[in-house]
Amino acid sequence: MRRRTRRAIPKMIGAVTVLGACIVGMGTLVMDSIGKEAADKFGCYANAYQRQTAVIVDASEPRWEIVQGRALRTYFKQLYEGLSFNERLSVYTTEGDKVASVVSPRFSVCGQARSPEELKTVNAPEAQAGYLKRQKERLFQKVLAPELDKLLTQSPDPSRLQLYESPVMEMILSVGRSAKLDSGDRLIVISDMIQNSESARFCRTQNDMPRFSAFKKRRIYRDRLKPGSLAGIEVEALMLLREGYGQTGLQFCASEEELRGFWRDYFNDNGAVDPQFIRIRGSFSG
């Protein structure tokens, strides 16, 4: 019995030493975290500078083909990967349960730190680059991917359907106000760019989409549709191409080029510099 006890003593000492080291380590981590900033569940640091990227998704029927949906998912993944540290990505939609005079984001997420040095700038606990990379992927899988699944599905929840309107101009106006977009921010619009509301019905009603130089003189534009200044804001439009421009249903816009020309003049007139257009092709288009 005494020999066993003597043999067990070194093991006990080793276990106590390891336990003590763990306690000291945990205590050090706790002490290091005191007074430090912590990110919220969306990966955002509230008290640090935030560049804003606001995305408007026009979810009106017809929404997007499977091919276009895949392209949008790839775009969102790349957009997330390219966010600067603490840049807030907010996604607004025209889905039926979200259209309102005062809009709020469907979901938000923030860009993650790529290095310990970036964490220091916001007084957050330090972490190594490998951990930060894994944390960024976990945030995507936990927060962004499930929201994209619900948004881009071909069979959305009935409450989220938008069967009647495509209020693109109204959304640009409202989102600019809600997000308080300013110089250095980004505005991204995902839509077929066919405005369809009580204000104007592009392609479907004759003379509702003249050249923008004529449209901007209309009282309804000045009173209800003109956005705040887009000066200094990067503007990008992902244009969902439709089949049948100039034909029944879309007979009052001759081509995608006519639509794109209208919106380019709209963005430029409101201060955007060199707005970018990306064609999101369907299975029917070249």
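Of the conditions (1) assigned to a helix (DSSP H, G or I); (2) surrounded by 13 or more Cβ atoms within 10 Å (Cβ to Cβ); (3) of a type outside the set (Gly, Ala, Ser), THR53 clears all except one; give me its number. Among (1) assigned to a helix (DSSP H, G or I); (2) surrounded by 13 or more Cβ atoms within 10 Å (Cβ to Cβ); (3) of a type outside the set (Gly, Ala, Ser), the lone unmet condition for THR53 is (1). Looking only at residues in the range 81-98 that are surrounded by fewer than 20 Cβ atoms within 10 Å (Cβ to Cβ) and closer than 26 Å to GLN162 by Cα, the one that is modelled with the lowest pLDDT is LYS98. Filtering ALA254, ALA237, ALA214 for residues that are at pLDDT below 95 and either farther than 16 Å from PRO167 by Cβ or in contact with a strand residue (DSSP E or B) (Cβ under 6 Å, 6 or more places away or on another chain) (or both) leaves a single hit, ALA254. Could you check the range 242-271 and list, in sequence order, the residues that are among the aliphatic types (A, V, I, L, M) and free of Cβ contacts under 8 Å to residues at least 60 places away in the same chain? Those that are among the aliphatic types (A, V, I, L, M) and free of Cβ contacts under 8 Å to residues at least 60 places away in the same chain: LEU250, ALA254.
Consider PRO275 carefully, then state whether it is modelled with pLDDT of 95 or more and either under 24 Å from the mean Cα position of the chain (by Cα) or under 17 Å from ILE172 (Cβ atoms) (or both).
Numbers: modelled with pLDDT of 95 or more: yes; either under 24 Å from the mean Cα position of the chain (by Cα) or under 17 Å from ILE172 (Cβ atoms) (or both): yes.
For PRO275, the condition - modelled with pLDDT of 95 or more and either under 24 Å from the mean Cα position of the chain (by Cα) or under 17 Å from ILE172 (Cβ atoms) (or both) - is met.
The residues of the range 189-221 that are closer than 24 Å to GLU65 by Cβ and among the hydroxyl-bearing types (Ser, Thr, Tyr), listed by number, are SER191, SER197.
Close Cβ contacts (under 7 Å, 6 or more residues apart or on different chains) running from residues in the range 122-148 that are in contact (Cβ under 8 Å) with a residue 12 or more places away in the chain and surrounded by 13 or more Cβ atoms within 10 Å (Cβ to Cβ) to residues that are among the aromatic types (Phe, Trp, Tyr) and assigned to a helix (DSSP H, G or I) comprise PHE140/TYR80; LEU144/TYR80; LEU148/PHE76.
Taking each residue of the range 43-63 that is without any contact (Cβ under 8 Å) to a residue 12 or more places away in the chain and looking for partners that are crowded, with 23+ Cβ neighbours inside 10 Å with beta-carbon atoms closer than 6 Å, six or more apart or interchain, yields nothing.
Out of the range 152-178, which residues are part of a helix (DSSP H, G or I), in contact with a Ser or Thr (Cβ under 9 Å, 6 or more places away or on another chain) and either small (Gly, Ala, Ser) or more than 24 Å from PHE262 (Cα to Cα) (or both)? Break it down stepwise before answering.
Of the range 152-178, the ones part of a helix (DSSP H, G or I) are 152, 158-160, 168-178.
Next, from what is left, pick out any that are in contact with a Ser or Thr (Cβ under 9 Å, 6 or more places away or on another chain): 160, 168-171, 174-176, 178.
Within the range 152-178, ARG160, SER174, GLY176, SER178 qualify.
For ALA231, indicate whether it is more than 30 Å from VAL67 (Cα to Cα), among the hydrophobic types (A, V, I, L, M, F, W, C) and in a loop (DSSP other than H, G, I, E, B). Yes, satisfied.
For the range 99-121, the tally of residues that are surrounded by fewer than 19 Cβ atoms within 10 Å (Cβ to Cβ), out of contact with any strand residue (DSSP E or B) (no Cβ under 7 Å at 6 or more places or on another chain) and not in a helix (DSSP H, G or I) stands at 6.
Would you confirm, using the coordinates I've provided, whether TYR221 is of a type in the set (Ser, Thr, Tyr), assigned to a helix (DSSP H, G or I) and either crowded, with 16+ Cβ neighbours inside 10 Å or modelled with pLDDT under 95 (or both)?
On the way: of a type in the set (Ser, Thr, Tyr): yes; assigned to a helix (DSSP H, G or I): yes; either crowded, with 16+ Cβ neighbours inside 10 Å or modelled with pLDDT under 95 (or both): yes.
Against the criterion (of a type in the set (Ser, Thr, Tyr), assigned to a helix (DSSP H, G or I) and either crowded, with 16+ Cβ neighbours inside 10 Å or modelled with pLDDT under 95 (or both)), TYR221 qualifies.
Inspection of the range 138-151 identifies no residue that is over 24 Å from GLU37 (Cβ atoms), in a strand (DSSP E or B) and in contact with an Asp or Glu (Cβ under 8 Å, 6 or more places away or on another chain). For the range 179-211, the set of residues classified as at pLDDT 95 or above, hydrophobic (A, V, I, L, M, F, W, C) and not in a loop (DSSP other than H, G, I, E, B) consists of LEU187, ILE188, VAL189, ILE190, listed by residue number. Annotation: of all residues in the range 252-272 being surrounded by 14 or more Cβ atoms within 10 Å (Cβ to Cβ) and in a loop (DSSP other than H, G, I, E, B), the one that is farthest from the chain's Cα centre (by Cα) is PHE252.
The values are calculated or read from the model by the stated rules, or taken from the named source; none is laboratory data. Every value quoted in this text rests on a predicted model; they were computed, and no experiment measured them. Methodologically, a virtual Cβ is constructed for each residue, glycine included, from the backbone with ideal geometry; neighbour enumeration extends over all protein chains shown.
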